[in-house]
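The values are calculated or read from the model by the stated rules, or taken from the named source; none is laboratory data. Predicted, not measured: the structure shown is a model, and the values here were computed from it. Here the Cβ positions follow ideal geometry from the backbone for every residue, glycine too, while neighbour counts run over all protein chains shown.
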Amino acid sequence: MKIHFYKYQGTGNDFVMIDNRNLHFPKDDIQLINKLCDRRFGVGADGLILLENADDADFNMVYFNADGTESTMCGNGGRCLVAFANQLNIIDSKATFNAVDGLHQATFNDGIVSLQMIDVNKVETHENYFFLDTGSPHHVEMVNGIEQFDVKTIGAKIRNGAPYFEEGTNVNFVEAINDNSIKVRTYERGVEDETFSCGTGVTAAAIATFDAGITKENNIDIEALGGKLSVSFEKENDTYKNVFLTGPATFVFQATIEI
């Protein structure tokens, strides 16, 4: 089987992209998706994304983790998909698309994608961490010395530990820089490792730190391993609205692989 694909990355969070408007890709084949994402035996990626036709939007987004399972929303993946849709001449500078968590709007300008995320209605504050859903579930924990922090070992323990267990969660470790900037490192479920960046994760970290008064402004700059992103939002009562994740989305290459 020959599969034509495109490779994109958003601040080091990388994806295999496939134009599936003719519905030719066997998306129930978990082993195939896992192999395509494998960094030794396939293309190599944090996830695989299908672009499909939509009746009520410019396109649909179908996202799979690197382990081959269909997953919740991926912010950087959504941003990369907007750039991919532009490359395919489906959209120009504005896009609307459906994802598993609902309808999203985005703008594309000179390689920068600003993606509207879902509203966040609740930030759970616990003794040593925060929990919130930004399209995917996220545990957010403040740390010191983030550059030396053992994200993979500690993240893996939290990911499947209490209170998350089988469903699991993504785990973000955060260090504040100043009133409107933070550093974030993320352990992603489905990848089961630290990724260079996580869009829903940095969104969760920005909202959680603001909600706790750690940051003071509603436009937060984020330093991830793979580069810089920004998250802006408006707080109305206890709800965070007009949440936007902004950063670069970069085409890497395209090729055909025989599986």
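Details
- Some residue of region 227-243 being outside any strand (DSSP E or B) and under 17 Å from the mean Cα position of the chain (by Cα): no
- ALA106 vs. criteria more than 29 Å from GLY213 (Cα to Cα), crowded, with 20+ Cβ neighbours inside 10 Å and either at pLDDT 95 or above or among the aromatic types (Phe, Trp, Tyr) (or both): no
- Taking strands (runs of 3 or more DSSP E) as the structural unit, no element lying wholly within region 1-52 holds at least 3 residues that are over 26 Å from GLY227 (Cα atoms) and touching a Leu at 6+ places or on another chain (Cβ under 8 Å).
Table: residues versus (1) surrounded by fewer than 16 Cβ atoms within 10 Å (Cβ to Cβ); (2) out of contact with any Pro (no Cβ under 7 Å at 6 or more places or on another chain); (3) more than 25 Å from ASP29 (Cα to Cα).
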site	(1), (2), (3)
ALA45	no, yes, no
ILE49	no, yes, no
ASP58	no, yes, yes
LEU81	no, yes, no
ASN89	yes, yes, yes
ASP92	yes, yes, yes
VAL100	yes, yes, no
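- Boolean, ILE112 is at pLDDT 95 or above, crowded, with 19+ Cβ neighbours inside 10 Å, of a type in the set (A, V, I, L, M) and under 30 Å from PHE210 (Cβ atoms): no
- Among (1) loosely packed, with under 15 Cβ neighbours inside 10 Å; (2) in a loop (DSSP other than H, G, I, E, B), the one test that ASP67 misses: (1)
- Region 116-138: number of residues that are of a type in the set (A, V, I, L, M, F, W, C) and part of a strand (DSSP E or B): 4
- Checking each residue in region 139-174 for being out of contact with any strand residue (DSSP E or B) (no Cβ under 6 Å at 6 or more places or on another chain), among the polar types (S, T, N, Q) and either closer than 17 Å to THR72 by Cα or not in a loop (DSSP other than H, G, I, E, B) (or both) picks out GLN148, THR153, ASN160.
- A single entry from PHE253, PHE173 fulfils the requirement of being aromatic (Phe, Trp, Tyr), out of contact with any Pro (no Cβ under 6 Å at 6 or more places or on another chain) and not assigned by TED's automatic domain parsing to the domain that holds GLN87: PHE173.
- In region 221-246, residue surrounded by the most Cβ atoms within 10 Å (Cβ to Cβ) [restricted to those that are in contact with a strand residue (DSSP E or B) (Cβ under 9 Å, 6 or more places away or on another chain) and on the phi > 0 side of the Ramachandran plot]: GLY227
- The residue that is farthest from PHE108 (Cα to Cα), among those in region 1-58 that are touching an Asp or Glu at 6+ places or on another chain (Cβ under 8 Å) and among the polar types (S, T, N, Q), is ASN34.
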